[in-house]
Every structure is written in structure tokens, then in C-alpha cells.
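Read through the structure below, which is laid out as C-alpha cells, and then see the notes.
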Amino acid sequence: MSKFPTVRLRRLRSNESIRELFQEVRLSEKDLIAPLFVQEGIERAVEIESLPGIFSFPLSSIAEEAIRIKELGINSVIIFGIPSHKDEEGSSAFDYNGIVQKAVREIRKKVNDLTIITDACLCQYTSHGHCGFVKDGKIDNDLSIKVLAKVAVSQAEAGADIIAPSAMMDGQVKAIREALDDHGFSNVSIMSYSAKFASSLYTPFRYAANSSPSFGNRMSYQLFYANAREALREIQLDIEEGVDIIMVKPAIAYLDLIYRVKSLFNLPLAAYSVSGEYALVKFTAKAGMIDEDQVMLEFLTSIKRAGADVIITYFAKRAAEILKDKYSH
Ligand code: PBG
Ligand code: ZN
């Protein structure tokens, strides 16, 4: 039997004040992690064509940008390097003088209280553009995790707080945890891209970072988007290997997984709203077809509602601007 007319859900929606009072999920700039691109061989910040409003910075202005991010109330950045030198083994990914290592030292020196996360992968640094070490035309897992461990240690030495391995190699978290501990970095955390899908939504990032594979694709290491249970196994294994923070990537097309992961595991959960998600909103708004800020807030709130504790998003700065205004008075 219907409870109407005694029950009326519209009572709690009748004005702005009561709606705000019973709002279930509230997005905060404190939930956001801002991606930061640092590029070798450029003189000034260049806008990334595939990601309007996002810039690639030279070392000389990377700290300034980190300060702007911090001033918006955002607590954390994730750094991506765009090196000028690439080779077979991706040696600039673990070079003391690599672009990421330099950027971390620079930010550490000039910015206080900012949590620095570094993406640990090889694809921007290898001539073949794969995330692992290639041997006889195949990605060699066990050699790859050795290289990834070196990358992680070099980033921790530079001053990173959290290492974020994104190569989807088996055993990468274990190899990195052991290497960090062996080198005296037992307090450096690992945020693994645990459930990273082989998504077509990474194209704008690869365009920016020049990191597309020169042969084949990433299906032999990243997850197929049809497989949710396999994704849960990936997360389970990362937990057994000692991960501190788990991640689902991309976000918007994988909200079901964010929800399931949150209800199954008690670790902090990050969601990565990827370049293609940003580009879809940006270019549609440019065509005048949607309200960019409103769609942005709807997407980010949905990711939080699904269960993400923190969100990596290219909208971080814009969202922080709006959220600060909204809740600061
Ligand atoms: C490196 C890496 C990628 C992204 C984050 N780290 C690219 C890839 O896997 O091809 C994608 C980020 C995005 O699309 O925003 N492995
Ligand atoms: Zn990669």
C-alpha cells in the first residue's frame, strides 16, 4: 500500500537551506589531488592541446605552480614527467637528474606542507612507450618490477611522500615496498594504480606525454573493461603486497567498481578521473552544449558518492576555486 499522502519526500527538498542540511555527500577541495606535468627542454609553461586549461611546466616554474595549487587549499599533487631523453629501458625514469627527481627536489625546497605523489611508470621514458621492460618483443614482468623499484627509490630519495606505481606489473607493489624499506624509506607510502583498465580515455594524456606504445597495446598488463572480478583480485593482491592506498582508474565509467571496492576493503580509496573524462567535458562545454562547472561538480560528486576518498582530477584547481567560495562563508 502506498504511504502517500502521509509520506512526501519533497518536504526535505522544499528550499535551499533544508536541501543543504540534508545533503548526503559534500565535495571538498581537500579530497582532490592535482596532476602536475613537468617537461624537460621547454622555457615556459605550454598549454596542452588535448587538455585545454592544463599546462606543462618547465622546472623553473614548477614550484610556483605547486604554490598556486596549495593556495587553493589543495593538499596534494601527483607529478608526471615528460623527459627529452627516451631509451630502451627508460633510464631517465630513475636518473638522479631525471625531470621528476629534479621537480620533486625543487617543490620540496620551495613549498611547505604539500603532499608530493610521483607516478612511477616507464612509458614516458621508454623508446617503445610500454610501461615495462621489453625483451624479445614482449613485456618482461620480472625485469620490469626491478626497474620500477629503482624508479620508486629514486623518487623517494628526491623527497616524494607517496609513490604511485601505474605499470600494472604483477608483484610491483611488493618489489617497491621491499626496495623502499631496504633504502630507509619505510615511511614513504605506496598508492597503487591497483585496478587500472586498458581504457581509450587515456588518449589525451598520451598525446600530452608522448607515451603511446610504438607497437601493440597495453592489454597484456592493464585490465579489460569487461572484468570487474579480475579487478577485485588485483586490489586484493596489492593489499597482500603491502599497499597503503588503492586506486580505481578511470572513474566515471567505473563507478560500480569504486562502490564495490569501497564496500569490500578498508583501505583509503583513490579514484583517477582521467584525461579523457576531462576532455569530454571540456570540449563539449567549448561547443556550448553543457555548463562546464556544473557537469564537473556532478561528475566529481558522483565519484565521491560512489565511495572514493580522494580524487585525482584535471579539474582540481577549478573545483577548488568554486568549493572554497561556496563553503567559506
Ligand atoms: C602512465 C600513466 C598513464 C596515465 C597515468 N599514468 C597513461 C597510460 O597508462 O597510458 C593516464 C592518465 C590519464 O589519462 O589522465 N602509465
Ligand atoms: Zn605506463
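So if the hydrodynamic radius of the stretch 28-122 is defined as the Kirkwood radius over C-alpha pairs, what does Stokes-Einstein give as its diffusion coefficient at 10 °C and 1.306 mPa s, in µm² per second? Rounded to a whole number, D works out at 116 µm²/s.
Taking amide H atoms as placed 1.01 Å from N in the peptide plane, the amide H of I33 lies under 5 Å from those of I311, I312, T313, each 5 or more residues away in sequence or on another chain. A cut-off of 5 Å between modelled amide H atoms, ignoring neighbours fewer than 5 places along the same chain, links A120 with A164, S166.
Here's how it looks for Q39: its modeled amide H is under 5 Å from those of F57, L59, I82, which are all 5 or more places away or on a different chain. On the principal axes of its alpha-carbon atoms, the stretch 8-70 has extents of 62, 24, 13 Å, going from largest to smallest. Applying the Karplus relation 6.51 cos²θ - 1.76 cosθ + 1.60 with θ = phi - 60° to the stretch 166-179 yields 3J(HN,Hα) values of 10, 8, 6, 8, 5, x, 5, 5, 4, 4, 6, 4, 5, 5 Hz, where x marks Gly and Pro.
Restricting the stretch 71-140 to chymotrypsin sites (Phe, Trp or Tyr not before Pro) that sit in a DSSP loop and have at most 15 other Cβ atoms within 10 Å of their own Cβ leaves Y96. For the chain, the antiparallel share of DSSP beta bridges with both residues in that region comes to about 15%. As a fraction of the 1.4 Å probe accessible area of the stretch 80-142, surface on carbon and sulfur atoms comes out at 44 percent. When Rg and the Kirkwood Rh are both derived from Cα coordinates, the Rg/Rh ratio for the stretch 120-240 amounts to 0.96.
Per 0.36 nm of contour for each residue apart, how much would the distance between S127 and Y207 grow if the chain were fully extended, relative to their Cα-Cα spacing?
That works out to 27.3 nm of additional length.
Over the C-alpha atoms of the chain, the Rg to Rh ratio, Rh being the Kirkwood estimate, stands at 0.99. Couplings 3J(HN,Hα) of the stretch 3-9, computed from phi: 7, 5, x, 5, 8, 9, 5 Hz, in residue order, whole Hz [Karplus 6.51 cos²θ - 1.76 cosθ + 1.60, θ = phi - 60°; x for Gly and Pro]. Using a probe of 1.4 angstrom and keeping all protein chains present, the accessible surface of the stretch 204-278 works out to 47 square angstrom per residue. For the stretch 234-329, what ratio Rg/Rh do Cα atoms give with a Kirkwood hydrodynamic radius? Radius of gyration relative to Kirkwood radius: 1.03. Per residue, the accessible area of the stretch 1-144 comes to 53 Å², computed with a 1.4 Å probe over protein heavy atoms only. In order along the stretch 262-270, the Karplus-derived 3J(HN,Hα) couplings, from 6.51 cos²θ - 1.76 cosθ + 1.60 at θ = phi - 60°, round to 4, 7, 8, 10, 9, 7, x, 10, 9 Hz, and Gly and Pro are given as x.
May I ask which of K110/K324; K262/K317; K70/K196; K30/K324; K102/K317 have a Cα-Cα span longer than 20 Å here? Could you put the intermediate results ahead of the total?
Numbers: K110/K324 24 Å; K262/K317 26 Å; K70/K196 28 Å; K30/K324 10 Å; K102/K317 23 Å.
With Cα atoms farther than 20 Å apart: K110/K324; K262/K317; K70/K196; K102/K317.
Taking packing as the residue-averaged number of other Cβ atoms within 10 angstrom, the listed peptides 257-269, 146-158 run from highest to lowest as 146-158, 257-269.
Apolar share of the accessible surface for the stretch 158-243: 47 percent from carbon plus sulfur atoms, 1.4 Å probe.
The values are calculated or read from the model by the stated rules, or taken from the named source; none is laboratory data. Computed from a predicted structure; not experimentally measured. Ideal geometry is used to build each Cβ from the backbone, glycine not excepted, and the neighbour counts take in all protein chains shown. In case anyone asks, the SASA skips ligands and DNA or RNA and just uses the protein heavy atoms, side chains included. Shrake-Rupley method; radii C 1.70, N 1.55, O 1.52, S 1.80 Å.
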